[in-house]
Amino acid sequence: MLVEYGPELSFEDILTRFWAEHTPGIAMRQYRSAVFYHDEDQRVAAETMQQELVDAGKKWCRHTAVEPASDFWQAEEYHQKYLAKMLSMNSMLYGR
């Protein structure tokens, strides 16, 4: 997922939200979990926050890679808005 943000948010703000909401798919081989950084400050922030969480007992956070950003490739259309599509399909199938 590509996240674009403006000056009202910092990279650290986004990392905080990411780590609070994210559980890496350890058992799911098809997908991997990663934080991509654009400069040394972002790398240090990501690795520091990750280590603090691991030290606090959230060991699963170590399964998320911290790597330099490279070219971003948009996923195929059927991957776009996946959650909304699944919720809509469940609603049609189960009337919820």
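The values are calculated or read from the model by the stated rules, or taken from the named source; none is laboratory data. Remember, predicted model here, so these are calculated numbers, not experimental data. We place every Cβ from the backbone using ideal geometry, glycine too, and count neighbours over all the protein chains shown. Heavy atoms of the whole protein, side chains included, go into the accessibility calculation; ligands, DNA and RNA do not. Shrake-Rupley method; radii C 1.70, N 1.55, O 1.52, S 1.80 Å.
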Q.
For the stretch 50-72, give me the residue count where each residue is open to solvent by less than 40 Å² (accessible area, probe 1.4 Å) and out of contact with any strand residue (DSSP E or B) (no Cβ under 9 Å at 6 or more places or on another chain).
A. 3
Q) When the residues of the stretch 35-91 are filtered to those that are among the hydroxyl-bearing types (Ser, Thr, Tyr) and within 18 Å of the chain's Cα centre (by Cα), which remaining residue is modelled with the lowest pLDDT? A) Tyr82
Q. Of all the residues that make up the stretch 32-46, how many are over 15 Å from Tyr5 (Cα atoms) and part of a helix (DSSP H, G or I)?
A. 6
Q.
I'm trying to understand the selection: among the residues of the stretch 51-68, which are closer than 21 Å to Glu21 by Cα and not in a helix (DSSP H, G or I)?
A. Ala56, Gly57, Lys58, Thr64, Ala65, Val66, Glu67
Q) Going by the structure shown, is Thr23 under 14 Å from the mean Cα position of the chain (by Cα), part of a loop (DSSP other than H, G, I, E, B), among the β-branched types (Val, Ile, Thr) and modelled with pLDDT under 95? A) yes
**Q.** Residue that is surrounded by the fewest Cβ atoms within 10 Å (Cβ to Cβ), among those in the stretch 1-23 that are of a type in the set (Asp, Glu) and within 18 Å of Thr64 (Cα to Cα)
**A.** Glu21
